[in-house]
Amino acid sequence: MLLRVAVALAVLLPGLAAAKPIAFQDAVATSFEYRPWMQRVESYYTPDVHLSLGGGFLHLDAVSASGGGHHHGGSQPSRDIGYLRLNVLAERWNLPQAQGNWFLWGGLGAAHDAARSAMLVPNFGSQFDFETRRLYFSARTDWHYAFTFREGDHQVQFAVAPYLHSYDGLATWIVLDGHAMTGSVRHDPVAALLLRFFWHRVWLEGGADQNGEFVGTLMFTL
Amino acid sequence: MRAIRFLLVLLPLLLAAAPGTPGRTLEMRVDGMVCAYCMQGIEKKFRSLGATDDIYISLENGLVAVRLKPGQDISEREARTLLQDAGYSLRSVRRTDQPLAALRARPQP
């Protein structure tokens with residue numbers, strides 16, 4: 001129940017993924033995300049701290065209508081969506097020993113599945129996060145829209161740092177992750193427990209969801 | 001005449017042996033310093049400046065300290081702009097003669 005509420009908040013609130021869509025100026029951030037039913041790769045260049053440009057590729061596995069597990073809402077073939085996107089840092093709050101961020105994004109893509117291809121699939125979304133050196137909260141919602149389908153991807157995270165990391169040291173976080181998909185095919189919220197590490201310009205996050213399946217993200221910035 | 005020549009030779013040596021130029025370290029208190037990953041941009045920006053000899057960033061103290069090269073400077077306005085461009089807010093700045101090694105050795109809160 002708590003997880004459903006948390007993910008509902010992610011749908012309603014501007015959201016934030018594990019990684020921010022804007023790293024720092026004059027840098028290229030590339031990320032790879034794996035979930036049992038979804039894989040995503042993205043890369044963005046940040047010419048200015050207030051925006052980044054780039055794109056990604058999203059693969060969604062086929063879903064059967066047989067029910068069971070955490071799938072609902074009818075069957076769907078596997079679908080691939082390639083997209084370009086502009087991310088904007090809408091607002092940042094810098095406080096002593098704390099920071100909040102609100103990101104917005106939008107763009108265009110193209111989708112392909114066994115039945116058809118759809119061009120000009122708009123995408124849009126939002127992300128909010130707040131963190132101190134000990135606590136982290138984020139919520140994200142991301143949509144791809146076409147005449148024949150819509151995919152909504154929602155994520156919320158709460159994290160605690162077991163120790164306060166220094167600038168040059170290894171940062172470690174224990175993350176409770178909630179993820180759900182809505183739209184043409186719904187996935188019930190799934191919880192995952194992750195460990196997050198980052199050191200200099202490399203970010204690695206991995207763990208298992210409540211079904212015992214691997215979930216992970218790798219990101220690096222050049 | 002010989003005395004003057006002696007002094008002209010001796011004077012540069014005396015100056016070279018003197019303590020470093022006052023105000024060669026820029027200590028900046030910065031808000032929003034919570035994520036070392038995101039703060040890589042601060043180091044990148046300051047290191048790209050010709051005036052920067054070295055930099056020390058302390059999340060514990062909310063501190064960005066830049067050691068300046070002899071005879072060079074970064075103005076407060078320039079530092080504020082750099083930090084804003086990196087996505088952070090400058091709260092205060094002061095100039096000291098502290099070497100970065102001394103700042104690193106300070107007990108952490």
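The values are calculated or read from the model by the stated rules, or taken from the named source; none is laboratory data. Nothing here was measured: the structure is a model prediction, and the numbers come from that model. Every residue, glycine as well, gets a Cβ built from its backbone with ideal geometry; the counts of neighbours run over all protein chains shown. Ligands, DNA and RNA are stripped out before the accessible areas are found, and what is left, the full protein with its side chains, is counted by its heavy atoms. Shrake-Rupley method; radii C 1.70, N 1.55, O 1.52, S 1.80 Å.
Overview of results
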{"quantity": "Computed accessible area, B:Glu60, all protein chains, 1.4 angstrom probe, square angstrom", "calculated": "40 Å²"}
{"quantity": "5 angstrom amide H check on A:Leu51, placed H, neighbours 5+ away", "calculated": "A:Leu89"}
{"quantity": "Whole-angstrom gap from the range A:124-156 to the range A:97-118, using each part's C-alpha centre", "calculated": "9 Å"}
{"quantity": "Amide H partners (placed H, <5 Å) of A:Asp26, local residues excluded", "calculated": "A:Thr46, A:Asp48"}
{"quantity": "Sorted largest first, extent of the range A:110-192 alpha carbons per principal axis (Å)", "calculated": "50, 26, 21"}
{"quantity": "Over the range A:161-200 - Rg/Rh using Cα atoms and the Kirkwood inverse-distance radius", "calculated": "1.23"}
{"quantity": "Residue-normalised accessible area of the range B:45-109, given per residue in Å² at a 1.4 Å probe", "calculated": "51 Å²"}
{"quantity": "Solvent-accessible surface (1.4 angstrom probe) belonging to A:Trp93, in square angstrom, nearest 10", "calculated": "110 Å²"}
{"quantity": "Unit charges on C-beta of K, R, D, E only; dipole of the range B:34-92, Debye", "calculated": "80 debye"}
{"quantity": "Relative packing of peptides B:24-33, A:39-48 - highest average C-beta neighbours within 10 Å first", "calculated": "B:24-33, A:39-48"}
{"quantity": "For residues of B:27-34, the mean tally of beta carbons on other chains within 10 Å", "calculated": "6"}
{"quantity": "Long-range amide H partners of A:Val121 with built H, under 5 Å", "calculated": "A:Gly109, A:Ala110, A:Ala111"}
{"quantity": "Calculated FRET value between A:Asp168 and B:Arg5, using beta carbons and R₀ = 56 Å, to 0.05", "calculated": "0.65"}
{"quantity": "Protein heavy-atom accessible area occluded, A/B pair - total, 1.4 Å probe, Å²", "calculated": "2400 Å²"}
{"quantity": "A:His59-A:Leu193 pseudo-label distance in nm [points 7 Å out on the Cα-to-Cβ vector]", "calculated": "2.9 nm"}
{"quantity": "Residues along the range B:76-92 losing 30 Å² or more of accessible surface when the other protein chains are present rather than the chain by itself (probe 1.4 Å)", "calculated": "B:Asp85, B:Gly87"}
{"quantity": "Accessible carbon and sulfur surface of the range B:50-109 relative to its total accessible area, %, 1.4 Å", "calculated": "45 percent"}
{"quantity": "Binned Cα-Cα distance frequencies in the range B:23-85 - 10 Å width, integer %", "calculated": "22, 61, 16, 1"}
{"quantity": "Whole-Hz ³J(HN,Hα) from phi, Karplus 6.51 cos²θ - 1.76 cosθ + 1.60, for the range B:40-55, glycine and proline x", "calculated": "4, x, 5, 4, 4, 5, 5, 5, 6, 7, x, 7, 7, 8, 7, 9"}
{"quantity": "Heavy-atom surface of the range A:77-201, accessible at 1.4 Å and reported per residue (Å²)", "calculated": "41 Å²"}
{"quantity": "Lysines whose Cα lies under 30 Å from that of B:Lys69, excluding same-chain neighbours fewer than 8 positions away", "calculated": "B:Lys44, B:Lys45"}
